[in-house]
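Bear in mind these aren't lab numbers, they're just calculated from the coordinates by the rules spelled out. Owing to the predicted nature of the structure, the values given are computational and were not obtained by experimental measurement. Here the Cβ is made from the backbone with ideal geometry for all residues, glycine too, and neighbour counts use every protein chain on show.
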Amino acid sequence: NAGVTQTPKFRILKIGQSMTLQCTQDMNHNYMYWYRQDPGMGLKLIYYSVGAGITDKGEVPNGYNVSRSTTEDFPLRLELAAPSQTSVYFCASNEQGAGGYTFGSGTRLTVV
Amino acid sequence: GQSLEQPSEVTAVEGAIVQINCTYQTSGFYGLSWYQQHDGGAPTFLSYNALDGLEETGRFSSFLSRSDSYGYLLLQELQMKDSASYFCAVMNRDDKIIFGKGTRLHILP
């Protein structure tokens, strides 16, 4: 049982490039989330999804896009990378009403 | 708006007990959860309180008072491996979980 899997683990982007952060879970959870964490800070919610075909904005959605075509996958897209998007990105999932998330191991992104 | 307040750092001695407090302000409150994160790692879920009172899981306990918008995490018999950051997080009825900025726990031998 793999849980929540994120790829890649590390990535360096140049300003203006685009990329997709992948997230997949094998627990059949309906709810999935993307957070970013800046050094020494808490986690900020970017986007979330309560089921396939449904997505919604979190606290800091600007500069990002998501899609949820299947229950398992919830990719995060950066279209025009900016230095302010340098961060660690975590994907998480849970069942509706459950108190705790299962997190992926994170993607460390640097934009130069 | 929504906000959570927790101390930025706490220091305690190995074998002792430490309490990390969290106060929150939010609408549509559903429950309070706690996460542990070691440096370079992902957050891991510790506990969740939806009702007032104390929840105990081994050396860790978590408390919630909904009327005071307050909760705490209690760590007993501290071990060096407990050195980490601890986050409180509020779950709202809109299914979003909002995290505090975290408390860094330093443990002295």
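Per residue of B:93-104, other chain Cβ atoms within 10 Å of the residue Cβ number 5 on average.
Rg and Dmax over the alpha-carbon atoms of chain A stand at 13.1, 40 Å.
Residues in the stretch A:29-38 carry Karplus couplings, in order, of 7, 7, 9, 9, 9, 10, 10, 10, 9, 8 Hz; the curve used is 6.51 cos²θ - 1.76 cosθ + 1.60 with θ = phi - 60°, and Gly or Pro positions show x. Modelled spin-label separation between A:Ser69 and B:Thr57, with each label point placed 7 Å from Cα along the Cα-to-Cβ direction: 3.6 nm. Label sites at B:Thr23 and B:Thr44, each approximated as a point 7 angstrom past Cα along Cα to Cβ, lie 3.2 nm apart. The Cα center of the stretch A:39-112 and the Cα center of the stretch B:1-54 differ in position by 21 Å. Taking a label point 7 Å from the Cα of A:Val112 along the Cα→Cβ vector, which residues of the stretch A:1-24 have an amide N closer than 12 Å to it? Output list for this probe position: A:11-15.
On average, how many beta carbons from a partner chain sit within 10 Å of the beta carbon of a residue in A:99-107?
Details: counts 14, 13, 9, 4, 7, 1, 3, 4, 0.
What the average comes to for A:99-107 is 6.
Taken residue by residue and averaged, Cβ atoms of other chains lying within 10 Å of the Cβ of A:35-42 number 4.
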